[in-house]
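The values are calculated or read from the model by the stated rules, or taken from the named source; none is laboratory data. Since we're looking at a predicted model, the values are computed, not measured. Here Cβ is always computed from backbone atoms with ideal geometry, including for glycine, and neighbour counts include all displayed protein chains.
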Amino acid sequence: MPVQVLEMKSAVSAATVLKRIRAFKVPAWSMAVLVVLAGVYGYVSGRQNPVHHYVPYVGYPLVLDTTTGKACYSSPPKPSDDAIATTGPAIPMCEN
């Protein structure tokens, strides 16, 4: 019965990767600036446009936005049987 041996390809060493990157002749300071700018842009865009996460609140159409801490409707609520208008503040629809 033949013995099967697992042959693995050798991994690319870090030295080989660095040699290929240095062939582009890009200054290290410019790459560092690029990484810092990408990080700052990601941070600022996340602060201005946070991801909203909704969890069920009281009933189905009413949810709680955990980002802002405010309640909102995920779908338009059904009108009630009695035509009496509510006197409290209106709950807004959730923003996408």
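Just one of (1) at pLDDT 85 or above; (2) surrounded by 10 or more Cβ atoms within 10 Å (Cβ to Cβ); (3) of a type outside the set (Gly, Ala, Ser) trips up LEU18, so point out which.
Unmet for LEU18, out of (1) at pLDDT 85 or above; (2) surrounded by 10 or more Cβ atoms within 10 Å (Cβ to Cβ); (3) of a type outside the set (Gly, Ala, Ser): (1).
Can you name every residue in the stretch 66-78 that is of a type in the set (Gly, Ala, Ser) and assigned to a strand (DSSP E or B)?
If the condition is that a residue be of a type in the set (Gly, Ala, Ser) and assigned to a strand (DSSP E or B), then ALA71 is the only one that fits.
Surrounded by 10 or more Cβ atoms within 10 Å (Cβ to Cβ), modelled with pLDDT under 80 and not aliphatic (A, V, I, L, M): does that describe PRO92?
Spelling it out, PRO92 is indeed surrounded by 10 or more Cβ atoms within 10 Å (Cβ to Cβ), modelled with pLDDT under 80 and not aliphatic (A, V, I, L, M).
Can you name every residue in the stretch 40-65 that is surrounded by 12 or more Cβ atoms within 10 Å (Cβ to Cβ), in a loop (DSSP other than H, G, I, E, B) and free of Cβ contacts under 8 Å to residues at least 24 places away in the same chain?
Listed by number, the residues that qualify are TYR57, PRO61.
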